[in-house]
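The values are calculated or read from the model by the stated rules, or taken from the named source; none is laboratory data. All figures in this text were calculated on a predicted structure; none of them were measured in a lab. Note: areas computed on protein heavy atoms with side chains; ligands, DNA, RNA excluded. Shrake-Rupley method; radii C 1.70, N 1.55, O 1.52, S 1.80 Å.
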Amino acid sequence: MRALRPQFPELLRHGPARTNNQRDPARRNYIIWREARLFELWRLWDGEIRKINPAARYIANSGGANGGLDMRAVGELAPTLFADRQGRSGVMAPWANGKNGKEYRSTLGRKPIGGIFHMGV
């Protein structure tokens, strides 16, 4: 997993990210900060939930391999994941949910995964 997240002033040493180009230093700083912050919140929320009910867990909607998160870290944190490719936009391949499930299988090993799908127009 990544080191502690950079503080916001350090994040802005190159100015705010004004492009989606991951090679731009400002964009790269933002990506690193965002991922670290999301994992920090995941650990916080999961910990607070488990204080109330040790059998309950926080399960993030990570977005799969295209979600922009370190899937190795996701695999370490998640007790399970749900492949959620419901094709609401109408342009998603019908096998996208299965592909997402295979990505999760490679990340989670033998942990359980589920699939969420939608039938309709």
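Phi angles of the range 32-41 translate, via the Karplus equation with coefficients 6.51, -1.76, 1.60 and θ = phi - 60°, into HN-Hα couplings of 5, 4, 4, 4, 4, 5, 5, 5, 4, 5 Hz per residue; Gly and Pro are given as x. Surface listing: Trp33, Trp42 arranged by accessible area from highest to lowest gives Trp33, Trp42, probe 1.4 Å.
For the range 47-61, the Karplus equation 6.51 cos²θ - 1.76 cosθ + 1.60, evaluated at θ = phi - 60°, returns couplings of x, 5, 4, 5, 5, 7, 9, x, 8, 9, 9, 8, 10, 7, 8 Hz by residue, with Gly and Pro reported as x. Note on surface exposure: Ser62, Ser106 rank Ser106, Ser62 by accessible area, highest first, 1.4 Å probe. Note on surface exposure: Phe117, Phe39, Phe82 rank Phe117, Phe82, Phe39 by accessible area, highest first, 1.4 Å probe.
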